[in-house]
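Read the structure below first, then the notes.
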Amino acid sequence: MQLVVARIGRAHGIKGEVTVEVRTDEPELRLGPGAVLATEPASTGPLTIETGRVHSGRLLLRFEGVRDRTAAEALRNTLLISEVDPQELPEDPEEFYDHQLMDLDVVLADGTEIGRITEITHLPSQDLFIVERPDGTEVMIPFVEEIVSEIDLEEQRAVITPPPGLIDESEAVVASSRDDEAAADAAEGGKDD
């Protein structure tokens with residue numbers, strides 16, 4: 001199974017290094033020296049990692065055969081793809097690969113069916129499950145411990161305890177300081193001094 005593990009960004013310096021946007025929880029395993037990665041577009045690869053280092057919080061990679069800024073810049077926006085055994089599991093039992101979570105049934109704690117995971121979006125602050133409901137609509141579920149209480153790979157389901165309004169907008173509780181201020185102003189305006 002192929003997984004996108006990074007996207008190449010800008011060239012860094014003049015010796016062929018590039019910045020990469022890491023898309024794996026295991027960069028030391030997937031993006032280490034000697035790793036051979038397929039690419040999208042395929043015409044730019046495969047690429048073999050020669051060196052890697054962290055500079056100012058960013059991962060920098062140099063690939064075999066890429067020796068100058070021009071060659072490095074030509075790789076910009078290329079996706080790096082690693083071949084992964086579908087049976088392989090992350091070391092941490094609380095972590096999951098995207099392919100393990102795809103197509104899981106999403107249910108409430110009482111067993112009520114919500115839908116199935118059709119996509120996983122990785123944001124800087126958290127990951128989101130895109131869940132297709134039985135009626136064809138989609139709902140976004142933040143993949144955080146407070147909401148996703150259990151992932152059961154054997155039963156192929158994710159159990160969630162959503163806050164009011166996440167699944168059913170009619171249950172949403174609107175709390176706004178403007179509403180509170182307006183109510184307070186209205187109450188004051190009605191008083192006789």
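The values are calculated or read from the model by the stated rules, or taken from the named source; none is laboratory data. From a predicted model like this one, the values you see are computed outputs, not experimental measurements. Note that we place each Cβ from the backbone using ideal geometry, even for glycine, and neighbour counts take in every protein chain shown. Surface areas here come from the heavy atoms of the whole protein model, side chains and all, with no ligands, DNA or RNA. Shrake-Rupley method; radii C 1.70, N 1.55, O 1.52, S 1.80 Å.
Here are the numbers for this structure:
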item: Residues that are more than 13 Å from the chain's Cα centre (by Cα), touching a residue at least 24 places away in the same chain (Cβ under 8 Å) and within 22 Å of Asp127 (Cα to Cα), drawn from segment 1-32; result: Met1, Gln2, Arg7, Ile8, Gly9, Val20, Glu26, Pro27, Arg30, Leu31
item: Segment 41-53, residues that are open to solvent by less than 100 Å² (accessible area, probe 1.4 Å) and either touching a His at 6+ places or on another chain (Cβ under 6 Å) or part of a strand (DSSP E or B) (or both); result: Leu47, Thr48, Ile49, Glu50, Thr51, Gly52
item: Qualifying strands (runs of 3 or more DSSP E) (wholly inside segment 54-160; at least 2 residues being open to solvent by 70 Å² or more (accessible area, probe 1.4 Å), in contact (Cβ under 8 Å) with a residue 12 or more places away in the chain and farther than 23 Å from Arg30 by Cβ); result: 113-122, 138-142
item: In segment 1-47, the residues that are closer than 17 Å to Asp98 by Cβ and of a type in the set (Val, Ile, Thr); result: Val4, Val5, Val22, Thr24
